[in-house]
1. What shape does region 1-111 take by its C-alpha gyration tensor, where a ≥ b ≥ c are the square roots of the eigenvalues and a/c under 1.5 counts as rounded, a/b above b/c as prolate, and the rest as oblate?
2. Using Cα positions and a limit of under 14 Å, work out the aspartates and glutamates in reach of LYS32, with same-chain residues fewer than 8 apart set aside.
3. What residues qualify as long-range amide H neighbours of VAL144, i.e. H under 5 Å apart, gap of 5 or more or another chain, H built at 1.01 Å from N?
4. Using alpha-carbon pairs under 8 Å, 6+ residues apart, how would you state the relative contact order of region 154-244 in percent?
5. Nothing charged except the Cβ atoms of Lys and Arg (+1) and of Asp and Glu (-1): what's the magnitude of the dipole of region 100-244 about its Cα centre? Round to the nearest 20 debye.
6. Which of the listed residues, SER16, ALA43, ILE90, is farthest toward the dipole's positive end in region 1-111, when Lys, Arg count +1 and Asp, Glu count -1 at the beta-carbon?
7. Using Cβ contacts closer than 10 Å as the measure, can you line up LYS74, LYS155 from fewest to most?
8. Whose amide H sits under 5 Å from the amide H of SER89, counting only residues 5 or more places off or on another chain, with H placed in the peptide plane?
Amino acid sequence: MTYNNEEELGAAIKSSGIAREKLFITTKATVKADKPIEENFSASLKKLGLDYVDLYLIHSPFFAGGDAKVLQAKWAEVEAIRASGRARSIGVSNYIQEDLDAVLETATVKPAVNQIEFHPYLQHITDGGKTRLLDYHRGKGIAVSGYAGLTAITKAAPGPVDGAYARLAEKYNVTEGDVALRWTLDQGVVAITTSSREERLREYVGKLPGFSLTSDEVREISVLGLKKHFRGFWKDQYDDDDWR
């Protein structure tokens, strides 16, 4: 429901002729504290023309205004949807450690995934590099999917990683965008891209499985990225110097 494309997606699924079990369908809830998530979810299923989705995400934690009890109550609602069998897995998006701590305190089912903005200029590293959100997720057994992985190229250029991207793209005979996404993947993060161009998507599918960055190259990009801070989304929710 978040991106207002469920009806179109539902029509595409229906016309594709592809068996439902071969598709992995994710949708999100834009949550309001005073509105049951069930209403959003039922509407989503109707628009999609489906009996279930594979993954259902709470789009952000900001509806709660920092209230842990509200976060916990809404997560319980999503757990109920999963228990009904209409969402095979459930997760969150744009949650930071404080939000996840609140959810996990009362959860009976932990989030399968947290979808976050992730690129060299927003690595969610705080306390002078001592606290990494990725490490927190690994410790809790929560997968991370990263969106806006091309930000250093598309929105935040020029910047400290430009030279490394260019050099590695030449080394591996790929594009700088491929290098950016490979940096994400090589850290165990699921890379999300929103490209609607078929040729670009085919390039990713064709090139990304064919190479990996070395651990030193991943580290180089990470270290260079810490020289600049840039947040492309939810800027109104964070101070300019907030790296969480």
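FYI, it's all coordinate maths here, none of it is from the lab. Worth saying up front: this structure is predicted, and the values here are computed from it rather than measured. Every residue, glycine among them, receives a Cβ derived from its backbone with ideal geometry; neighbour counts consider all protein chains shown.
1. It comes out prolate by the Cα gyration axes.
2. Of all the aspartates and glutamates, those that pass the test against LYS32 - Cα under 14 Å, at least 8 places apart if same chain - are ASP67, GLU77.
3. ASN114, VAL190
4. This gives 35 percent for region 154-244.
5. Numbers: 19 positive and 21 negative charges, 50 e Å.
Dipole of region 100-244, to the nearest 20 debye: 240 debye.
6. Checked the options; the winner is SER16.
7. Working: LYS74 23, LYS155 14.
By the 10 Å Cβ count, ascending, the order reads LYS155, LYS74.
8. Distant-sequence amide H within range of SER89: LEU55, TYR56.
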